[in-house]
């Protein structure tokens, strides 16, 4: 991928990211409102609601629908900056100068660019701010993955230092709870000298990790509640489903919604296991909360806490204890109907596309062309006329319109070149040239305008010369003021033969603005999205004869050479 392709891809990626940010925030807000109404329902129900948001975050880049909006909603063609320098020119003879097209293909050093070879880091200066954002995002993902590997390494070291549990009563409790929850086999149980809370790990070979000091502090009657909670994660497949919010947070580490969703999933997951432990053990919320406070105090506080001493607890543990005491003693298992509704909600959320702004093509917003001009081809022609009994005469540079169906043609005006029809099909602009001098050079008479049927007399709208080019919305024209530097039509020039100034004018010729296009280039066309120019360049030898095509932004940046032949 070259630098220009990467810039284009980065622009598309950042536009998509902006759409994902606001649409995912809207979805998360809606789910938060639903979960607020379900605050006294089963935590498992709220847990799956938030999992749907995590799933949708991961699916959003893969299902996109372009939303066409009128020009008033989109960005107009970018305003140009003060002019830069350097660009191009055109023709050899008087006729060539009029049509601005090279007559000979370049050879030899014409194939080589005149600039010095770029340095290794010169490409950094060509990166757009969109590209820098994308590079920052990619760097953030790499950092997240490195952090994940570091945490996995710490876990492996902790497990290597742990010892297998041998306490018969503890192993009996684990076996009984595993059978009670319907697990196919109990997990391995290890004791660690590290502080912290109990947890389970291992997708294929689950391991229950218990702090040795915590199990010594807890009454053996409370072991069952702790084990019920931890094995509840295995019954619910939380270790597998936990990768969904983890991946969403890794990809969207810059997005607060991804972190909020991951927090809510973790909170509801713990509450669901708390509720399962209470239901299976037959204890009340207040009795279970006492055990939870002991675990919290061992994991994070040097001094024991009581149920009424929540000062100093982390936000997560505070909210968990508060919601635990407020949670209705409903069944931790979801009914079939609730499960079906959740599956349908997930399918609907997955099928909802990401809406992405796409500007309406200017041509589709304009009125349909007049019947007389629709589909006609406008060319500059030479007409050979011979009246009976008289000498044949040739009239050059007659601007005519041809009906492609019948071949019939209609003369529009004398002395017309580079005819361009407006996007709405109603207006024709063209360049007029004066008489040629002794060297065959011609002078420009500016840009003229008439209606496409040719029913009105052409009127001059600008003194700028060169090929006029319409903007995609039909509101502006680009015109080139040309200066011929090759007075003697020298064949072996060492410098460009033309100096051009590129101007943007309104469709009626008013409000001229000089554009920062190199003065060796003349604009040949304007892209439909209004972002790019194609230029014909005289910056390569043989100067005045070896023109090349370039692509560049309308402010002269991100230049890319398109051709190496003539």
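Shape class for region 394-545: oblate, because the ratio a/c of the largest to smallest gyration tensor axis (alpha-carbon atoms, square roots of eigenvalues) is 1.5 or more and b/c is at least a/b. Cβ crowding within 10 Å ranks 47, 378 as 378, 47, fewest other Cβ atoms first. Across region 135-225, C-alpha contacts under 8 Å between residues 6 or more apart give a mean separation that, scaled by the residue count, equals a relative contact order of 22 percent. Highest mean packing comes first when the peptides 535-548, 20-33 are listed by Cβ atoms within 10 Å, giving 535-548, 20-33. Among rounded, prolate and oblate, which fits region 443-522 when a ≥ b ≥ c are the square roots of the eigenvalues of its C-alpha gyration tensor, a/c under 1.5 means rounded, and a/b larger than b/c means prolate? Note, shape of region 443-522 comes out prolate. Note on region 135-225: antiparallel DSSP beta bridges, both residues inside, total approximately 50 percent of the bridges counted. When peptides 381-394, 344-357 are ranked by their average number of other Cβ atoms within 10 Å per residue, the highest-first order is 344-357, 381-394. Packing around the peptides 169-177, 400-408, 205-213, taken as the average count of other Cβ atoms within 10 Å per residue, puts them in this order, highest first: 205-213, 169-177, 400-408.
Please work out whether region 135-225 counts as rounded, prolate or oblate from its C-alpha gyration tensor, where a ≥ b ≥ c are the square roots of the eigenvalues and a/c under 1.5 means rounded, while otherwise a/b larger than b/c means prolate and anything else oblate? Note, shape of region 135-225 comes out prolate.
Where a number appears in this text, it was derived from the coordinates with a stated rule and is not lab data. These numbers were taken from a predicted model, which means no experiment stands behind them. Cβ atoms come from the backbone with ideal geometry, glycine included; neighbour counts cover every protein chain shown.
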